[in-house]
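Encoded as structure tokens, the structure appears first; notes follow it.
The values are calculated or read from the model by the stated rules, or taken from the named source; none is laboratory data. Model, not experiment: these values are computed from the prediction. Here the Cβ is made from the backbone with ideal geometry for all residues, glycine too, and neighbour counts use every protein chain on show.
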Amino acid sequence: MCIRDSAMSGCLLQTLLRNPLADPYIFGISSGASLGVLGALVFAVPTYSIPFGFLGAGLVIVLVALIARRGADWNPYRLILTGVMVSAGLNALISLILVLSPPNMMKGMIFWMMGDLTYAQPRVWAGALAILIIVFGVFFGRALDAMSLGPERALAIGVSVKRLEYVVYLLASLAAVAVVVEGGAIGFVGLVVPHMIRMTGVWSHRYLIPMSACVGGAMVVVADTLARSVWAPVQLPVGVMTALIGVPILIYLLNKRSDVRN
């Protein structure tokens, strides 16, 4: 179930930040989760890699929110800048861990960071999180539609913008963490899938979020199948395949949007 969370996380973050290039890794949350998981592996406690991943990501979620918040106000631009800054620092720590780790562990760590679903298992909490986000999208779809057009329009129809922003930030962050702790940093799914669905004419979050879950899950399954079969018996990282699939799709969507505007 965690493979579906990436696309939903990307959809929510693009709405929260009102930025079409936002993806689940923009806040450094994936770096925090990766740091926790790699730390567990380095200190020989792989059994606790998932709790360590959630701990690292949780600290980043709180840190980014506190730094980005000024008084009673926060805005998408401050969130992005804070996330980029925190992510850069965490990536430096991850690089340090990789350099200092035993040589026999380094390859596995790098492979996992590029996306690896070999040991991913169905998790009750991941399924519950996916269902929660879908239900949230269905019931608060109109408010999310208004928020994507700007806080002023959302306030005009009675939406509690600040409260909704915090909820969206939390759900998107948890969805990103669920993906990272289970399968590593699988990129481009959260960025590309919402755009693919929007290009079909679906803009309402009531349908966009559930469809993102389905299409995102299908994309990762296809990428994982290709990763296991293209260079068999050698297995490639899933993140490599999602990038090879996602980049051409994103370029095509950008060109198509430019043609429509012209």
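Scanning region 188-219 for residues that are more than 16 Å from residue 140 (Cα to Cα), touching a residue at least 40 places away in the same chain (Cβ under 8 Å) and assigned to a loop (DSSP other than H, G, I, E, B) yields a count of 2. If you check residue 231 against the conditions, is it of a type in the set (Phe, Trp, Tyr), within 21 Å of the chain's Cα centre (by Cα), more than 17 Å from residue 250 (Cα to Cα) and outside any helix (DSSP H, G or I)? Judged against the criteria, residue 231 is not a match. Out of 16, 41, 21, one residue alone is surrounded by 14 or more Cβ atoms within 10 Å (Cβ to Cβ) and closer than 20 Å to residue 150 by Cα. It is 16.
Restricting 1, 8 to those that are at pLDDT 90 or above, crowded, with 19+ Cβ neighbours inside 10 Å and not small (Gly, Ala, Ser) reduces the list to 8. Pairing each residue of region 98-125 that is surrounded by 13 or more Cβ atoms within 10 Å (Cβ to Cβ) with any residue that is outside any loop (DSSP other than H, G, I, E, B) and acidic (Asp, Glu), provided the two are 6+ apart or on different chains, yields C-beta distances under 8 Å for 117/182; 117/224; 120/182; 123/182. Filtering region 193-201 for residues that are more than 18 Å from residue 33 (Cβ to Cβ) and buried (at least 24 other Cβ atoms within 10 Å of the Cβ) leaves a non-empty set.
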